[in-house]
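Got a structure here, written out as structure tokens. Questions coming.
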Amino acid sequence: MGFPKRRRVVAAVVAALLGVGAVVVVGYRVLAPAEVQTVARAGYPSAVTPAVGVVGRLPAAPLIVDDRLRVYAAARQVYADQPADRRHRVSPYWSYRRWPARLSGVVADGTTVVSRWSDGKLVALDARTGRVAWRADGPEPGVQPKPRRTHATTVWDPSGLSVARIPTGRTVLVVAGVGELGGYDLVDGHRLWRADQERGCLGAAGTTAAGEVLGLAACDGPETVEFRDAATGAVRTRWRPPDAPDRFVLTPIGCREGRSGCQGLRISGGEGNGRGWLVGTGAPVAAPGLDGVDTALDGERAVGTSAGVVTGRSARTGAELWRRADLGPVRLIAAEPGRVHLLTEGRDLVTLDPATGAERSRIALTIGHDGIGWQPGRAYATGGYVAVERVRERAVPEDDDQAYFLVAEPVLLAVT
């Protein structure tokens, strides 16, 4: 009688072990780090030349890549659809997902899309296929505010992520993180240089049109602006603006896109609206035409708005070049090389030539039956495209997404 009982005990133990093993296997499959790559199955689309007007209504912020694709961000995914002027978001052309890391930022140059993740990994994708072009280890981005559901900050203003084009023709990806700043060759992800500093002591604010890394250092004493060689990481110039407080805010302006290829900067802190400076090689040059906060920079021309008047000035001298008093109250929402984009009270998007003030286009920034009862949130402009978040008129930053955004598809995409 003992043997059957013993067999039952053994069978129960084996069953328990098999059950534990199954749980472990399932748990591993669910919880183990994973990477899912869905490459493009269709051919690379042709560049489009869409008609001027509102072309799309989207639930997420698009990054226009190569005039062919729209690239989006999600919590753990970067993906693309096409063509760039499609009215609605459609099934992904390609997609890349990682788990459990979270997507921290996305930057694109040419046909290379670089994603940065919470564990510090850098993954570059070929925009034409969605295939991984290279992977590299980078600095962890540190704690960042949770993005809203459009992920506009992730793709339009990624913290610590920018691109520098240097005179030799090389394009350098610049990444700032916890206690580390580094440069990577955009072609293959090879690390070109690395600067290690105490946590919170050094950061990259962007890159300049001259191919330098624009950073803010506070390692010893008052904050200092540093200009580094993007190819080597060597500091070329250290500079502090006259009469600046020990701590100040540095804002790149006149950038090609995002925080890349910038032609100027604004220093603010303490009282006042801050002071503008042009950047090239060497120390920055004072630019009184950029002192206003609501001011855009194109080359050496500054465009600002005040009391219902739009004015073009010399950035270096502040001398007035042209004036438009016929637009009524407007808000400067975005700028790009050769275009300044303004939003009127009636929600018309007016695009001006920053050199002359001439009107390049004017469109009603509305679609369907959504109406114009909204205020602009974040905005983005490149290649004549303008994307704007629509926020409820009484919304405040503390509101959740449901109360903050106007509709389920809050982003309007327009061509100017």
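The values are calculated or read from the model by the stated rules, or taken from the named source; none is laboratory data. Source: prediction; values computed, not measured. Counting neighbours? That spans all protein chains shown, and the Cβs are built from the backbone with ideal geometry, glycine included. The area values use the complete protein model at the heavy-atom level, side chains included, leaving out ligands, DNA and RNA. Shrake-Rupley method; radii C 1.70, N 1.55, O 1.52, S 1.80 Å.
How do the peptides 125-135, 358-368 rank, highest first, by the average count of neighbouring beta carbon atoms within 10 Å per residue?
Packing order, densest peptide first, comes out as 125-135, 358-368.
Can you compute the charge dipole magnitude of the chain about its Cα centre, using +1 on each Lys and Arg Cβ and -1 on each Asp and Glu Cβ, nothing else charged? Give it in debye, rounded to the nearest 20.
Dipole size: approximately 1900 debye.
Please list 3J(HN,Hα) in residue order for region 397-403, calculated via the Karplus relation 6.51 cos²θ - 1.76 cosθ + 1.60 where θ = phi - 60°; whole Hz, with x for glycine and proline.
Couplings: x, 6, 5, 6, 4, 4, 7 Hz.
Out of region 166-239, which trypsin sites (Lys or Arg not before Pro) are coil in DSSP terms and have no more than 11 other C-beta atoms within 10 Å?
199
Take 370, 81, 188, 243 and sort them by solvent-accessible surface of the protein heavy atoms, 1.4 Å probe, largest at the top.
Sorted by accessible area, descending: 243, 188, 370, 81.
Considering only protein heavy atoms, with the full assembly of protein chains and a 1.4 angstrom probe, order 153, 382, 207 by accessible area, largest first.
153, 382, 207
Counting other C-beta atoms within 10 Å, and keeping those with at most 12, which DSSP coil GluC sites (Glu not before Pro) do you find in region 178-238?
Here the sparse-neighbourhood loop sites are 198.
With a cap of 13 neighbouring Cβ atoms within 10 Å, and only residues DSSP puts in a loop, list the trypsin sites (Lys or Arg not before Pro) found in region 36-70.
Loop-located and lightly packed - 41.
Also, I was wondering about something else. Computed from these coordinates, which is percent of Cα pairs over 38 Å apart: [x] 46; [y] 19; [z] 26?
Only one option fits the structure, namely [z].
Computing the accessible area with a 1.4 Å probe over protein heavy atoms, can you report the carbon and sulfur percentage for the chain?
Here carbon and sulfur together make up 51 percent of the probe-accessible area.
For a quick protection proxy, order the peptides 253-261, 138-146 by their average other-Cβ count within 10 Å, most packed first.
253-261, 138-146
Residue by residue through region 248-254, what is 3J(HN,Hα) from phi via Karplus (6.51 cos²θ - 1.76 cosθ + 1.60, θ = phi - 60°)? Round to whole Hz and write x for glycine and proline.
Taking θ as phi minus 60°, the curve returns 8, 9, 10, 10, x, 9, x Hz for region 248-254.
Same structure, new question: Which residue, chosen from 292, 282, 262, occupies the Cα position most advanced towards the positive end of the dipole of region 236-311, where the dipole is computed from +1 (Lys, Arg) and -1 (Asp, Glu) charges on Cβ about the Cα centre?
282
State, as an integer percentage, the relative contact order of the chain based on alpha-carbon contacts under 8 Å between residues 6 or more apart.
For the chain, the relative contact order is 11 percent.
For the chain, what is the mean residue ellipticity at 222 nm derived from helices alone (per DSSP H run of n ≥ 4: -39500 (n - 2.57); sum divided by total residues; nearest 500 deg cm²/dmol)?
-3000 deg cm²/dmol
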